[in-house]
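**Q** Take a look at this one; I'll ask things after.
The values are calculated or read from the model by the stated rules, or taken from the named source; none is laboratory data. These numbers were taken from a predicted model, which means no experiment stands behind them. Positions of Cβ are generated from backbone atoms using ideal geometry, with glycine treated the same way; all protein chains shown enter the neighbour counts. SASA here: full protein model, heavy atoms, side chains in, ligands and nucleic acids out. Shrake-Rupley method; radii C 1.70, N 1.55, O 1.52, S 1.80 Å.
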Amino acid sequence: MANTPQRASAKAPVRNKPKGTGKSGNPAARKMQAVRPARLGDWIGGARPFTLSMAVAPVAIGTGAAIFASDPGVYHWARAILCLVIAIALQIGVNFANDYSDGIRGTDEHRVGPSRLVGSGRAKARTVLTVALVFFGIAAVAGIILVIVSGLWWLLIVGSLAIVAAWYYTGGKRPYGYMGLGELFVFVFFGLVATLGTTYVQIGTITQPAIAGGIAVGFIAVATLMVNNLRDIEQDRIAGKRTLSVRIGATATRISYVVLLLLALGLAIWLALFIPLVWATLFSLLVMIPAIVIVLTGKTAREFVLVLKLTGVAQLIFGLTLAYGLAF
């Protein structure tokens, strides 16, 4: 019998897929190649330093309002410092938590802004999660100390809610940041709670300047988040992340950004009618005006990253000058 070619197998041969090219929703689970490990600069960048004005400004305003409403020596600098530690630790914690949660979901595969630790493969997801939890722990410890020295035990509830809200912004099965509610969290916790809480723990009451200042700085914090989401609007839509910007569209987001900054300035001007030194907040216009121009005309991610940084600077100037105007 003549030799016949070997019959082909009924099943086609299975080709091994190159490592690191899978479609896993967890980029950290992929075996990344040719990706350098995260360095100190990457971790500092992961903390998003330009967003820390969202923590500093409300505490500064709340302290200024406390000084304005109290007699010399009545307000408590130690409590103000504890409030600052809590706010900064929460802000850094939520930044790393977002890095972790968005990274394991695969949302950052479409990211056009600065690369993140998990999404880029430069750090393990578990490591980034641990760092986030460490900063949440720092905020919790500072909060417990503040509760002990102030005797305000109900602050434990407020602090717990803040940490839970920070985690579920992008964490959990149904993150509210993916449903367009992130701006509400930012306004409440990095506007009202941070400002009014700082004032209350120092003088035991809440004042009109503190309320106005908390609302104003909350508006700027929301504007910061909106321009961040404006930068990622197309990528978030692809990833199924339904931020407020995705829901209302780019044009409405641009207009909302401008309106929020103007409302913040309007509240400061109203306070300045009664407290003359508060007029110093208008120095923030030096940064707000170019930010507004870029938001209204910008088209690229790089431009919106610049606006994000400018908004952080504007918020810091606004918060410090308002605090100065109230305190002195």
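**Q** Tilt of helix 77-105 relative to the longest C-alpha principal axis of the chain, in degrees (0 to 90, nearest 10)?
**A** Around 20 degrees separate the two axes.
**Q** Counting only pairs 8 or more places apart or on different chains, how many lysine pairs in the chain have C-alpha atoms closer than 14 Å?
**A** Taking the Cα cut-off of 14 Å, the pair count is 5.
**Q** A further question on this structure: Can you give me the C-alpha center-to-center distance between the range 36-98 and the range 254-328, rounded to a whole angstrom?
**A** Each part's Cα centre sits 18 Å from the other's.
**Q** Still on this structure, please answer the following. Helix 53-69 sits at what angle to the longest principal axis of the chain, using alpha carbons and giving 0 to 90 degrees rounded to 10?
**A** Between the helix axis and the principal axis of the chain, the angle is about 10 degrees.
**Q** I would also like to ask the following. May I ask you to order 240-248, 49-57 by the average number of other C-beta atoms within 10 Å around their residues, highest value first?
**A** Peptide ranking by packing, descending: 49-57, 240-248.
**Q** While we're looking at this one, here's another question. Which whole-number percent gives the relative contact order of the range 185-314, counting Cα pairs below 8 Å spaced six or more residues apart?
**A** 25
**Q** Considering Cα pairs under 8 angstrom that are at least six residues apart, work out the relative contact order of the chain and quote it in whole percent.
**A** 23
**Q** Return one number: the angle in degrees, 0 to 90 and rounded to the nearest 10, between the long axis of the Cα atoms of helix 250-272 and the longest principal axis of the Cα atoms of the chain.
**A** Long axis of 250-272 versus the principal axis of the chain: about 20 degrees.
**Q** Also, I was wondering about something else. Computing the accessible area with a 1.4 Å probe over protein heavy atoms, can you report the carbon and sulfur percentage for the range 153-201?
**A** 78
**Q** Here's a follow-up. Keeping all protein chains in position, work out how much accessible area Thr297 exposes to a 1.4 Å probe, and write it in Å² to the nearest 10.
**A** 90
**Q** Run lengths n ≥ 4 of DSSP H only: what is the helix-derived mean residue ellipticity at 222 nm for the chain, with -39500 (n - 2.57) per run over all residues, to the nearest 500?
**A** Result for the chain, helices only: -21000 deg cm²/dmol.
**Q** Continuing with this model, one more query. Could you pull the accessible area for Val258 with a 1.4 Å probe, rounded to 10 Å²?
**A** 20
**Q** In addition: Using the Karplus curve 6.51 cos²θ - 1.76 cosθ + 1.60 with θ = phi - 60°, what ³J(HN,Hα) values do you get for each residue of the range 136-142, in whole Hz, with x for Gly and Pro?
**A** 4, x, 4, 4, 5, 5, 4
**Q** Once you list every other residue whose beta carbon is under 10 Å from the beta carbon of Thr243, what net charge do they have if Lys and Arg are +1 and Asp and Glu are -1?
**A** Net charge around Thr243: +1.
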